[in-house]
């Protein structure tokens, strides 16, 4: 049975935790300010944690681990029975437990979609940081994709056929094997162009369903 994580209680433990925090932050491409804001601490405080000059409370460590998308045990120097794997280089503490999710073709979930073809969910479920779907759109039928807010990032890769994507009245024509990365802030429109269905893979961060 797993035990609850314990706060690091000596210098060696804290140096290991500090190294994991810094390595994970850099791996995610986040700045000190990014993680500090998400953890509700100051930038200078987080900097001192990363250099092992300060030992955070367990509550603060939990907030930092959440900001880094890691279970708290993954940051601890002695994680007990928590399996860690995938060190980035020799001498760098491992960051994540290796977990693999395979979704078989005949086991994909289908998401309903008002006004358009259903979407096949390619990621295991809707509880991930990333959402990947595949659509097969009938020709010449616009469908509306509702989006709200300004923190969404999306990507589309056209597998077959041609698409038009309308963003803020601008229409982008995508052919087979084309891709597009965009930041939708409001509802946009999509349709397959031509006389045959079109198929594409869509990636959304954060998930929208």
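Quick look at the values:
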item	result
Linear extension gain, residue 177 paired with residue 37, 0.36 nm per residue minus alpha-carbon span	46.5 nm
Burial ordering of 40, 178, fewest other beta-carbon atoms within 10 Å first	40, 178
Förster radius 45 Å - calculated FRET efficiency between residue 48 and residue 128 (Cβ-Cβ, nearest 0.05)	0.85
Nitroxide proxy distance, nm - points 7 Å out along Cα→Cβ at residue 196 and residue 155	2.7 nm
Simple spin-label estimate for residue 169 and residue 140 in nanometres, 7 Å along Cα-Cβ	2.6 nm
Distance between segment 132-206 and segment 60-77 - C-alpha centres, whole angstrom	36 Å
Packing-based order for 24-33, 61-70, using average beta carbon neighbours within 10 Å, highest first	61-70, 24-33
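Bear in mind these aren't lab numbers, they're just calculated from the coordinates by the rules spelled out. Because the structure is a prediction, the values reported are computed rather than measured. Glycine gets a Cβ as well: all are built from the backbone with ideal geometry, and neighbour counts include every protein chain shown.
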